[in-house]
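This report refers to the structure that appears directly beneath it.
The values are calculated or read from the model by the stated rules, or taken from the named source; none is laboratory data. Remember, predicted model here, so these are calculated numbers, not experimental data. With ideal geometry, Cβ positions are generated from the backbone for all residues, glycine too; neighbour counts draw on all protein chains shown. Please note that ligands, DNA and RNA were not included when accessible areas were found on the heavy atoms of the full protein model with its side chains. Shrake-Rupley method; radii C 1.70, N 1.55, O 1.52, S 1.80 Å.
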Amino acid sequence: MMQSVFKNKTLAHEVIEFAGEVIFRFYQPMIESGSVSCIGLADAAASGDLISKKVFKDFAVPYLHRLSERVKALGAKVFLHVCGDTTDRLDLFPLTGADLIAIDHKTSLAKAKEVLGGKMCIAGNVDPVFVLNQGTPDEVRSAAQECIEEAAAGGGYVLLPGCDIPPSISQENIDAYISVAHQYQYH
C-alpha cells in the first residue's frame with residue numbers, strides 16, 4: 001500500500017474505499033440497533049511517521065470524511081486516532097469529519113489545542129510505554145497532569161493515553177492515571 005500511493009494510485013484508492021465500506025458495514029448494524037453510539041477508528045497506516053501530509057490529505061482525509069459522514073447520518077459519533085507525529089497535519093483533522101482526534105504522545109497537546117481548539121475535541125496523550133507501562137505512579141500522575149494543563153482549558157479535551165495501553169501496565173499506574181482525571185475540576 002505504501003508503494004501503491006505513488007506507483008498505482010488507482011489501486012490504492014480502490015483498496016482504501018473498499019476498507020471504508022467494510023468498516024461501515026461492520027458498524028452499521030450496531031449503530032442502527034442502538035448498541036453503539038460512537039465508533040473508534042484507528043488509522044495506523046496514516047501515521048505521521050509513515051506518510052507525508054500530502055499523502056494523508058489525498059489518501060486518508062477523503063475516505064475518513066466519507067465514513068464519518070455516513071456514521072453521523074446514522075446518529076453516531078466518530079473517534080479517530082492516528083499514530084505518530086502528526087504535527088504537520090493537525091489542520092487536516094477537522095476535514096476528516098471525526099468528532100474527536102486522539103493525539104499520539106509524539107505530538108504536542110499544546111500545539112494540537114492551538115490548531116484544533118474549538119474545531120474538534122482533542123484526546124491524549126500520555127506515553128503508553130515509557131510512562132504508563134514502565135513509569136512509577138508519580139511519573140504517571142505528573143504526565144497526566146501535564147496533559148491536562150496543556151489542553152483542558154476551555155473544554156474540548158479528554159485525557160487518554162497516546163495510543164494503545166500495553167496489557168502489562170500495573171494496577172497502581174492505572175489507578176494513578178485515573179486519579180488525576182477524577183481530581184481535575186473543569187473551569
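Miscellaneous remarks
- Leading residue by the ranking (nearest to the chain's Cα centre (by Cα)) among those in region 3-51 that are small (Gly, Ala, Ser), part of a helix (DSSP H, G or I) and farther than 20 Å from Leu100 by Cα: Ala19
- Tally, over region 52-79, of residues that are open to solvent by 40 Å² or more (accessible area, probe 1.4 Å), in a helix (DSSP H, G or I) and touching a residue at least 40 places away in the same chain (Cβ under 8 Å): 3
- Scan of region 25-37 for residues that are touching a strand residue (DSSP E or B) at 6+ places or on another chain (Cβ under 9 Å) and either surrounded by 13 or more Cβ atoms within 10 Å (Cβ to Cβ) or within 18 Å of Asn8 (Cα to Cα) (or both), ordered by number: Tyr27, Met30, Ile31
- Any hit, region 38-46, residues being exposed (fewer than 15 other Cβ atoms within 10 Å of the Cβ), out of contact with any Pro (no Cβ under 8 Å at 6 or more places or on another chain) and either among the acidic types (Asp, Glu) or without any contact (Cβ under 8 Å) to a residue 40 or more places away in the chain (or both): yes
- In region 80-108, residue nearest to Leu50 (Cα to Cα) [restricted to those that are open to solvent by less than 40 Å² (accessible area, probe 1.4 Å) and more than 12 Å from the chain's Cα centre (by Cα)]: Arg89
- Test for Asp49: is it out of contact with any helix residue (DSSP H, G or I) (no Cβ under 8 Å at 6 or more places or on another chain), open to solvent by 10 Å² or more (accessible area, probe 1.4 Å) and in contact (Cβ under 8 Å) with a residue 24 or more places away in the chain: yes
- Whichever residue in region 115-156 is open to solvent by 40 Å² or more (accessible area, probe 1.4 Å), at pLDDT 95 or above and not in a helix (DSSP H, G or I) and, among such residues, is nearest to Leu100 (Cα to Cα): Lys119
- None of Ala102, Ala112 is in a helix (DSSP H, G or I), under 29 Å from Ala19 (Cα atoms) and either at pLDDT 90 or above or in contact with a helix residue (DSSP H, G or I) (Cβ under 7 Å, 6 or more places away or on another chain) (or both) except Ala112.
- Single condition Ala19 does not satisfy, out of (1) touching a Phe, Trp or Tyr at 6+ places or on another chain (Cβ under 9 Å); (2) within 27 Å of Ala151 (Cβ to Cβ); (3) of a type outside the set (D, E, K, R): (2)
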